[in-house]
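Here the structure comes first, spelled out in structure tokens, and everything after it is commentary.
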Amino acid sequence: SRASEKTRNARLIIPVIAYALARASPRIKVEVVKAIEDDPTLAEPTYINVNEQFKRLVYNPLQTTVGVVDKVVVIDAVDECTNLKVVASFIKLILEWASKIPLKIFIASRDEYRIRNAFGSTSDSIRGYFHLHDIEKDVVQNDIRIYLKTSLARIKDDELSGLVASSGTLFIYAATAVRYITIGGEDYKPRLSAMLTHGQRSINKFETEIDSLYVHVLEKVCEDKEPDEVDDMRNVLSMTIFFRNPLSMEAITSLSPESNARSYLSWLSSVIHIPDQPGAVVAPFHASFPDFITNPDRCSPKRCPSFRSLVASEGHELIALKCLKLMNRSLKYNICEIPKGLTLSRRERANSPENVGKFSEALKYSCIYWAAHLAEVKVFDTVLVDSLRIFLHEHLLHWIECLSTLGELQTGLKSLGGIVAVLLAFKFHDLKLLVHDARRCLQMNFEAVQNHCMEIYESALVWIPKNSLIRKTYIADVSRVPKVILGLPDSWGPAELIMQNGSMVRSVAFSQDGSRVVSGSDDNTVRIWNVTTGEVEAELKGHTGSVRSVAFSQDGSQVVSGSDDQSVRIWNVTTGEVEAELKGHTHRVTSVAFSQDGSRVISGSDNKTVRIWN
């Protein structure tokens, strides 16, 4: 589900499988706990070697059970994960281990090409591949009939048959219909009657059953509302749909205090989940509703005259403005009131109760995601530009302080890079220069600011060039900092980033999108670097000699390396696993490259040969 970070992070699938198995079997639980005690990072989503993670958290514990474990692991809606490359890698991993584990694994997904291709040419004896639309209609409709009869206890047989017919083979239609019909409590007959009448209308080739239902829901919601009420409801709904991460009702209200968000969203409770528990997130019941409401052909004025379809750029503009206004109201110097000289680790700062209380859910969201929303804006109106100017000239360093406290400083660097591009495109040159300077300042001092949030004022601002715009804008606001008398450069040098490797570097290459660098060095290691922060994302070990040459594939999913150990290795960037070890050269390999389509690798060696590998 997209509803939360935990349920859309594909890197958590293996730890969750291990947790489920541990709950089902005391023997497995003992082994899983032991594995995590031996290596506490094993269950983290950042664990790079997923093959090793699966082996130690799932495969090894299963070996302690006697006979066959009669369990089915169900992984539903994997297409809702944010990184389908990781999902595809997981599916390939499962297929490799399938014949070795006493489990049946059921994976459900929409027909996404990355997921479909992950199954590849695996033997049919290992996997079965089924499409819901290939299952007999009678079987699906019988299941829907049971669901509807259970959910609507007093429904008559003819009414039940009508709803089943309207649902077709779509469970989401049936589920949404039940929520809509029962929204008024026990007396649901009028809504049921309206649903049945609506369902009998002819459906043209552009209108699916679910579209028909959503049109009906929206028209009913809008029919007794004033135009300004519909506009306000549309704005709140637009925010809910286009949030990068779903928020609670309390957070939505904090971001938009002038609107009656709870009331507006309650009108849509048949399609939007509004939990009673404080802090629980508000989100669409099903991905089909955002798909419908953001499609101007499906949610058109002709078919849904009372409600205009949502436009992504308008939604992102609204959220960006709300985030900027909240940050301009809330951010300040030393927001967590950390005593001067006190040094806390990132984890201590982010998790301490005192600090957590300083950041509302809405403020955290604003700090992390405002720039991502701004990058999607197509038109900058005066209100948005004014709010952006206030933020950049008064609160930019406060924002960096907050991101350091929250452990999100890397997000800050990425955000600054994205905002530079936006400001350049819209010709806000003065703001672009300020943000560019802030990015250089943070890159230069990333480790220091990451280790202590107040270093953005007490150190970073002090040592940057004298003519830096960020220095000129903020230095007067910072008191009691050292003054450098001699040695400061006037302007920035040409080197944006210096990354320390620890061993002689023999080869480097950029990924196609410029976001990563791969290096090969004399310590026999291939490293993948984040270009934005200069941090090492992965260390790929396996060569037994210096790595002389490295290269990325065109899509950035693989790295090839050539070494003094006479081998060529192909690495999976996502998992860190060696996908192939190519041997044949009789001397060190000095040069490697991928073909344009990624299907071949070419290598050159001191043995005076060039080899093309399939």
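The values are calculated or read from the model by the stated rules, or taken from the named source; none is laboratory data. Values in this document were obtained by computation on a predicted structure and should not be read as measured data. Glycine also receives a Cβ, built like all others from the backbone with ideal geometry; neighbour counts cover every protein chain displayed.
Summary table below
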item: From Ser109, Ser89, residue being of a type in the set (S, T, N, Q), touching an Asp or Glu at 6+ places or on another chain (Cβ under 8 Å) and either within 30 Å of Ile28 (Cβ to Cβ) or in contact (Cβ under 8 Å) with a residue 40 or more places away in the chain (or both); result: Ser109
item: Residue in segment 382-400 that is charged (D, E, K, R) and either in contact with a strand residue (DSSP E or B) (Cβ under 9 Å, 6 or more places away or on another chain) or modelled with pLDDT under 95 (or both) present; result: no
item: Only listed residue being within 25 Å of Val531 (Cα to Cα), out of contact with any Gly (no Cβ under 7 Å at 6 or more places or on another chain) and basic (Lys, Arg), chosen from Arg471, Arg480; result: Arg471
item: Residue identified as surrounded by 17 or more Cβ atoms within 10 Å (Cβ to Cβ), without any contact (Cβ under 8 Å) to a residue 40 or more places away in the chain and not acidic (Asp, Glu) among Val518, Val531, Val536; result: Val531
item: One residue from Val16, Val33, Val68, Val74 being surrounded by fewer than 18 Cβ atoms within 10 Å (Cβ to Cβ), at pLDDT 85 or above, aliphatic (A, V, I, L, M) and not in a helix (DSSP H, G or I); result: Val74
item: Those residues of segment 476-502 which are within 28 Å of Thr544 (Cα to Cα) and exposed (fewer than 14 other Cβ atoms within 10 Å of the Cβ), in sequence order; result: Ile498, Gln500, Gly502
item: Gly542 being surrounded by 14 or more Cβ atoms within 10 Å (Cβ to Cβ), modelled with pLDDT under 95 and closer than 25 Å to Arg588 by Cβ; result: yes
item: Every residue from segment 418-450 that is among the small types (Gly, Ala, Ser) and out of contact with any Ser or Thr (no Cβ under 6 Å at 6 or more places or on another chain); result: Gly418, Ala421, Ala425, Ala438
item: Unmet requirement for Asn607, which otherwise passes all of (1) within 26 Å of Gly417 (Cα to Cα); (2) surrounded by fewer than 19 Cβ atoms within 10 Å (Cβ to Cβ); result: (1)
item: Residues of segment 355-376 satisfying the condition of being surrounded by fewer than 20 Cβ atoms within 10 Å (Cβ to Cβ) and of a type in the set (A, V, I, L, M); result: Val356, Ile368, Ala372, Ala375
item: Count - residues of segment 413-440 that are under 15 Å from Glu376 (Cα atoms) and either hydrophobic (A, V, I, L, M, F, W, C) or free of Cβ contacts under 8 Å to residues at least 24 places away in the same chain (or both); result: 9
item: Scan of segment 440-454 for residues that are out of contact with any helix residue (DSSP H, G or I) (no Cβ under 6 Å at 6 or more places or on another chain) and modelled with pLDDT under 90, ordered by number; result: Gln443, Met444, Phe446, Glu447, Asn451, His452, Met454
item: Residue match in segment 95-108 (condition: in the same structural domain as Asn49 (by TED's automatic domain parsing), among the hydroxyl-bearing types (Ser, Thr, Tyr) and part of a helix (DSSP H, G or I)); result: yes
item: Members of segment 251-288 that are small (Gly, Ala, Ser) and closer than 17 Å to Tyr365 by Cβ; result: Ala251, Ser254, Ser256, Ser259, Ala261, Gly279, Ala280, Ala283
item: Elements of type helices (runs of 4 or more DSSP H) contained in segment 235-294, each with 2 or more residues being in contact with a Cys (Cβ under 7 Å, 6 or more places away or on another chain) and either crowded, with 20+ Cβ neighbours inside 10 Å or modelled with pLDDT of 90 or more (or both); result: 288-293
item: Residue ranges of strands (runs of 3 or more DSSP E) in segment 496-614 with at least 1 members charged (D, E, K, R) and under 30 Å from Ala448 (Cα atoms); result: 505-510, 516-521, 525-530, 536-541
item: Sole exception among (1) under 15 Å from Ile13 (Cα atoms); (2) surrounded by 14 or more Cβ atoms within 10 Å (Cβ to Cβ); (3) touching a Lys or Arg at 6+ places or on another chain (Cβ under 8 Å) for Leu103, by number; result: (1)
item: Number of positions in segment 472-513 that are of a type in the set (Val, Ile, Thr), at pLDDT 85 or above and more than 30 Å from Ser591 (Cα to Cα); result: 2
item: Which listed residue is in contact (Cβ under 8 Å) with a residue 60 or more places away in the chain and over 24 Å from Gly502 (Cβ atoms), from Ser595, Ser603, Ser557, Ser553; result: Ser557
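Per-residue answers, yes or no, for (1) part of a loop (DSSP other than H, G, I, E, B); (2) in contact with a helix residue (DSSP H, G or I) (Cβ under 8 Å, 6 or more places away or on another chain); (3) among the aromatic types (Phe, Trp, Tyr); (4) outside the structural domain of Leu434 (by TED's automatic domain parsing):
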| residue | (1), (2), (3), (4) |
| --- | --- |
| Ile456 | no, yes, no, no |
| Leu461 | no, yes, no, no |
| Pro465 | yes, yes, no, no |
| Ile470 | no, yes, no, no |
| Thr473 | no, yes, no, no |
| Pro482 | yes, yes, no, yes |
| Gly487 | yes, no, no, yes |
| Gly493 | yes, no, no, yes |
